[in-house]
């Protein structure tokens with residue numbers, strides 16, 4: 001049952017059982033009592049800005065494949081336009097026919113090991129392997145809203161002055177004051193942001209097979225695969241590139257014949273970083289409410305008066321908003337962001353109320369009062385960090401108290 005319905009029931013009961021006391025006092029009066037109303041707050045919590053999730057873990061560097069000669073070093077990928085590589089690489093000489101590698105262990109030779117001369121045609125098998133790491137980041141935001149209301153019981157005091165009386169109807173001006181406090185919150189922290197980083201690991205292995213050209217008395221002069229145990233040993237890793245770079249064709253003693261390349265790869269994924277943000281908020285509201293009401297009242301039975309009035313309300317509303325976002329990396333708490341906002345606003349509203357007054361003294365100057373009605377107050381929006389809160393004091397209200405006329 002709402003406040004106005006309760007007021008009607010009380011009025012009906014009192015009218016059915018009149019006290020038979022003198023009523024219709026006028027002049028000045030002071031009333032004190034308690035008042036109840038509802039304070040509504042709507043929270044809207046947005047997701048914070050994503051962070052640089054890659055700074056929270058150590059990415060792994062790719063190694064090979066195809067970076068012949070440095071495939072196992074984990075350094076930069078190098079493209080060799082001449083299709084050859086040797087065993088003493090100077091990386092400053094990119095696209096040079098004199099490429100070598102840092103150590104022979106970085107080049108995996110096949111059936112012909114370093115230092116062995118090729119006096120007759122043969123076949124060389126070369127293997128290259130490596131691992132590639134790629135990182136893919138996903139962001140999911142989960143903003144949420146919460147409505148929280150509280151019924152507040154607060155004291156009030158009212159000063160009333162009778163302005164005039166006409167045909168048994170009294171016209172009064174009443175100014176009252178009440179102070180209320182309420183506390184609101186979003187409850188348990190909720191997830192507002194999820195960032196995940198997936199690592200894709202691709203392992204590749206390549207096999208290069210080519211036939212050496214036919215030549216009598218050893219390999220041709222300047223041919224890369226010259227394993228002399230003293231010079232810069234090397235290997236052809238890309239027969240097509242080598243032939244194109246040197247302008248060699250079939251029948252040319254430098255021409256590498258029948259190049260074949262075989263490859264295989266395997267890819268796997270794993271979660272390397274899971275970053276989550278959980279947010280909550282709380283709000284304290286204090287308000288001074290000052291209604292200024294012009295009302296009319298009349299005696300319906302001896303000692304019982306009913307009245308109705310309306311007027312503006314002056315509202316001084318103070319707020320103290322706190323917002324907190326907690327960050328978790330792979331389930332472990334790593335930090336918190338806290339924001340706050342406090343302030344005071346002056347707002348003009350309006351009210352309409354009905355009044356029941358019952359005389360308790362023989363002269364009618366001491367009365368019991370009950371009132372009910374509706375207060376309208378423009379809502380106020382405040383924010384702190386990713387949180388917004390809308391404060392709404394508009395509500396049905398009811399009060400009971402005692403009045404003394406002078």
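Bear in mind these aren't lab numbers, they're just calculated from the coordinates by the rules spelled out. Keep in mind that what you see is a predicted model, and the values were worked out from it rather than measured. Note that each Cβ is placed from the backbone with ideal geometry, even for glycine, and that neighbours are counted across all protein chains shown.
For this structure, a couple of remarks:
- Label-point gap, in nm, between residue 51 and residue 308 - each point 7 angstrom along Cα→Cβ: 6.1 nm
- Distance between modelled label sites at residue 271 and residue 34, nm, 7 Å Cα→Cβ extension: 5.2 nm
- The calculated FRET efficiency for residue 145 paired with residue 376, based on their beta-carbon distance and R0 = 25 Å, is about 0.60.
- One Cα centroid belongs to the stretch 345-406, the other to the stretch 271-321; the line between them spans 8 Å.
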